[in-house]
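Participant: Can you keep this structure in mind? I'll have questions shortly.
The values are calculated or read from the model by the stated rules, or taken from the named source; none is laboratory data. This is a predicted model, so every value here is computed, not measured. Cβ coordinates were reconstructed from backbone atoms using ideal geometry, including for glycine residues, and neighbour counts include every protein chain displayed. These accessible areas exclude ligands, DNA and RNA; they are computed on the full protein's heavy atoms, side chains included. Shrake-Rupley method; radii C 1.70, N 1.55, O 1.52, S 1.80 Å.
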Amino acid sequence: MPPGKGLENHTAVLGFVLLGFSDRSSLQGLYFTVLLTVYLMVLTGNGLIALITVVDSTLHSPMYFFLRNLSILEICYTSVTLPKMLVGFLMADGRISFLGCAAQLYFLVLLGSIECFILAAMAYDCYVAICDPLHYTLMMSRGLCIRLVVGSWVVVAPVQIGQTYQVFTLPFCASHDLHHFFCDVPPLLELACADTFWNQVMPYTIIVVFVILPFSLIILSYINIIRAILKIPSVLGRHKAFSTCSSHPGVVTLFYGSATVVYLKRRSRDSVDIDKYLALFYTIVTPMFNPLIYSLRNKEVRIALKRLLWTK
């Protein structure tokens with residue numbers, strides 16, 4: 001139990017206050033402008049990627065099926081936090097209801113966990129395309145792709161309901177100020193007036209299953225991919241094989257890099273601001289860069305975008 005917090009001090013919680021960057025009042029206008037621009041870029045970029053993978057028949061392959069799901073996921077992911085942040089900057093009001101906070105936490109951890117599985121599925125797709133191209137069509141059937149995506153939702157959704165319920169049934173103390181710009185597990189547990197040991201254990205257990213396990217599968221896939229590419233005799237052949245999935249490692253690095261630092265490092269008062277900026281990175285900046293990475297590094301996507309934007 002945190003020092004100075006007693007069970008006798010807890011109150012019925014009607015809502016929380018997201019402090020965010022309220023201590024920098026002179027920069028609120030700048031933050032609003034920057035984040036609004038980023039949000040519009042996320043919606044436009046990921047929306048275009050999702051659209052072209054539907055309307056362009058040349059992109060009706062497993063890789064682009066997963067990319068479409070990833071793009072839709074990114075739009076939903078940023079929409080969980082960014083609109084509330086923008087309203088907070090505009091109205092100088094960080095209040096959020098108890099149910100609103102619970103919903104925000106649930107969809108944030110739900111969509112983040114599913115993204116880990118989608119990235120793992122994309123890595124497996126690259127692995128099959130390069131390491132076993134003769135059986136690619138058979139192994140990466142449309143039915144398997146759909147089952148992988150649907151299965152991610154079926155597995156993750158009930159577990160994250162349990163985690164959210166576990167957090168929001170805790171008694172909270174008199175202070176309802178969250179030192180964050182969205183409702184997340186670590187800052188919420190800091191406000192609890194009860195022993196939070198098991199509440200702290202559960203997120204780490206979930207991280208192992210929903211984050212580290214998919215990441216391990218991604219690493220394993222790329223170890224085999226690199227081995228297969230190095231065995232290709234011609235330089236042109238190696239370059240063509242590498243370009244097949246060169247965009248995916250960049251997205252994985254952006255997402256996992258910042259998220260891992262936030263959730264696995266020890267949280268302290270001195271690192272609160274750093275945690276906020278890192279959280280901004282993986283919840284907002286990464287979804288903004290994903291469509292740029294795929295459109296700039298992928299020739300098929302660039303051609304499809306040109307057909308969509310310049311077709312009369």
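Participant: First check a/c for the stretch 211-254, with a ≥ b ≥ c the square roots of the eigenvalues of its C-alpha gyration tensor; if it is under 1.5, answer rounded, and if not, answer prolate when a/b is larger than b/c or oblate otherwise. Kindly include the intermediate steps, with their values, before the conclusion.
Facilitator: On the way: a/c = 4.61, a/b = 1.83, b/c = 2.51.
Oblate shape, in that a/c is at least 1.5 and b/c is the bigger or equal ratio.
Participant: Helix 197-207 versus the longest principal axis of the chain: what is the Cα-based angle in degrees, 0 to 90, to the nearest 10?
Facilitator: Helix 197-207 and the main axis of the chain meet at about 10 degrees.
Participant: In whole Å, what are the extents of the stretch 4-157 along the principal axes defined by its C-alpha atoms, from largest to smallest?
Facilitator: Per principal axis, max minus min of the Cα coordinates gives 64, 39, 23 Å.
Participant: Expressed as a rounded percentage, what relative contact order does the chain have, with Cα pairs under 8 Å and six or more residues apart?
Facilitator: Values: 339 pairs, mean separation 88.8, N = 312.
This gives 28 percent for the chain.
Participant: Then there's this: Take a quick pass over the chain and tell me how many lysine pairs come in under 30 angstrom between Cα atoms, counting only ones 8 or more apart or on separate chains.
Facilitator: 11
Participant: Calculate for the chain the 222 nm mean residue ellipticity that helices alone would give, adding -39,500 (n - 2.57) per DSSP H run of length 4 or more and normalising by residue count, nearest 500 deg cm²/dmol.
Facilitator: Working: 13 runs with 218 residues, N = 312.
Mean residue ellipticity at 222 nm (helix-derived): -23500 deg cm²/dmol.
Participant: Going by alpha carbons, how many degrees (0 to 90, nearest 10) lie between the helix axis of 286-297 and the longest principal axis of the chain?
Facilitator: Roughly 10 degrees, rounded to the nearest 10.
Participant: Per residue, how much accessible area does the stretch 81-205 have with a 1.4 Å probe, in Å²?
Facilitator: 44
Participant: Please work out the C-alpha center-to-center distance from the stretch 77-116 to the stretch 141-197 and express it in whole Å.
Facilitator: The stretch 77-116 and the stretch 141-197 have Cα centres spaced 12 Å from each other.
Participant: In nm, give the distance between the simple-model label positions of Ala228 and Leu144, each being 7 Å from the Cα along the Cα-to-Cβ direction.
Facilitator: Using points 7 Å along Cα→Cβ, the separation is 1.1 nm.
Participant: Additional query: What do you get for the angle between helix 28-55 and the principal long axis of the chain? Use alpha-carbon atoms, 0 to 90 degrees, nearest ten.
Facilitator: The angle comes out at about 40 degrees.
Participant: Now a separate question. For the ranges 228-238, 152-162, what's the packing order if you count other beta-carbon atoms within 10 Å of each residue, average per peptide, and put the highest first?
Facilitator: Values: 228-238: 11.7, 152-162: 15.3.
So the order, starting with the most tightly packed, is 152-162, 228-238.
Participant: Express the carbon and sulfur contribution to the solvent-accessible surface of the chain as a percent, rounded to the nearest whole number, probe 1.4 angstrom. Walk me through the intermediate numbers first.
Facilitator: Working: 11080 of 15820 Å².
Using a 1.4 Å probe with all protein chains present, the chain comes out at 70 percent carbon and sulfur.
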